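Here's the structure, in structure tokens; my notes come after.
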Amino acid sequence: MNDITYAGMHSLMMTVSRHAHESWECILCTYGSGVMLFDQESMPYKQGDVVIIPPMVAHANTSETGFRNIHINMTSPSLTLKKPALITDDSNHFLLDAFTAVHYHFHSDRKEKTSLLSAYGNLICCYLTAYQTARPLTRVVEEIESDIISHCADCDYRLDEFLRAQPFSYDYLRKLFQKELGVTPHKYLTNRRLQSAADMLINAEINGSAVMDIARQCGFRDSLYFSKMFKKEFGVSPSYYAQHMRQEEEKTRLDPASVKVSPRDQ
């Protein structure tokens, strides 16, 4: 499953004539734009888009200005698509990184080549499935979310500075982020920090020092503020949460039929 049988890379092209494959083809545009032509439809694409084409679907590729791409053929991918589809890479360019790595390893002589290609085939299919089902975000919201995820553990992170550096008004970004993700950027940051802390508390030997260390590791400089925010979110103190959750996990381990319940439904 998700076996990669070929990986190629086009230099600057204007057209690719009509053809079909016995396997699935995934084409990532790395430069330019164009239109993929099928029997019943045409599909415009641009840099960062991936066109997914099921087996034996005839297609051609054309562009007025030229395009470059990386194309991968796969057998039995774990995709539920029944017709061609277009999926866009996110601002982190995870798909570009994965496609580039596949092309490199496919044409390399490394002894680990087979296992690496298998791993990347699974990874790419996971990305494509996730991006297909995820609610699309505008590019600027995607970039804000990415910046928060990358820096949420940093006590010195200044989210306001990042927001004000964008070519949009601060209030517009705040409202747009809340519209698309349901919370403001600052609440999103706090939620991620608190959830990371909750995960770490379950496996920590809890004392006053441990709580302070976990607070700092999750981006909270002030342990008292952390405890206040944690109790507001979860309904209990960090120490109680850790003790309670470990007891619930122990019950689950001893009695698989038991159900784990958190202090407060999140």
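Odds and ends about this structure:
- Verdict on Lys179 being open to solvent by 70 Å² or more (accessible area, probe 1.4 Å) and either touching a Pro at 6+ places or on another chain (Cβ under 6 Å) or part of a helix (DSSP H, G or I) (or both): yes
- Looking only at residues in region 32-47 that are under 25 Å from Cys126 (Cβ atoms) and surrounded by fewer than 18 Cβ atoms within 10 Å (Cβ to Cβ), the one that is nearest to the chain's Cα centre (by Cα) is Gln47.
- Any pair with Cβ under 9 angstrom, 6 or more apart, that starts in region 18-44 at a residue that is free of Cβ contacts under 8 Å to residues at least 12 places away in the same chain and ends at one that is of a type outside the set (Ser, Thr, Tyr) and surrounded by fewer than 20 Cβ atoms within 10 Å (Cβ to Cβ): Gln40/Lys83; Ser42/Val35; Pro44/Val35; Pro44/Leu86
- Residue satisfying all of: in region 117-150; free of Cβ contacts under 8 Å to residues at least 12 places away in the same chain and open to solvent by less than 80 Å² (accessible area, probe 1.4 Å); farthest from the chain's Cα centre (by Cα) among these: Ala119
- Of all residues making up region 12-31, the number that are of a type in the set (D, E, K, R), assigned to a strand (DSSP E or B) and surrounded by fewer than 16 Cβ atoms within 10 Å (Cβ to Cβ): 1
The values are calculated or read from the model by the stated rules, or taken from the named source; none is laboratory data. Predicted model, so just to flag it, every value in this text is computed and none were measured. Methodologically, a virtual Cβ is constructed for each residue, glycine included, from the backbone with ideal geometry; neighbour enumeration extends over all protein chains shown. Heads up: the accessible areas ignore ligands, DNA and RNA and are worked out on the full protein's heavy atoms, side chains in. Shrake-Rupley method; radii C 1.70, N 1.55, O 1.52, S 1.80 Å.
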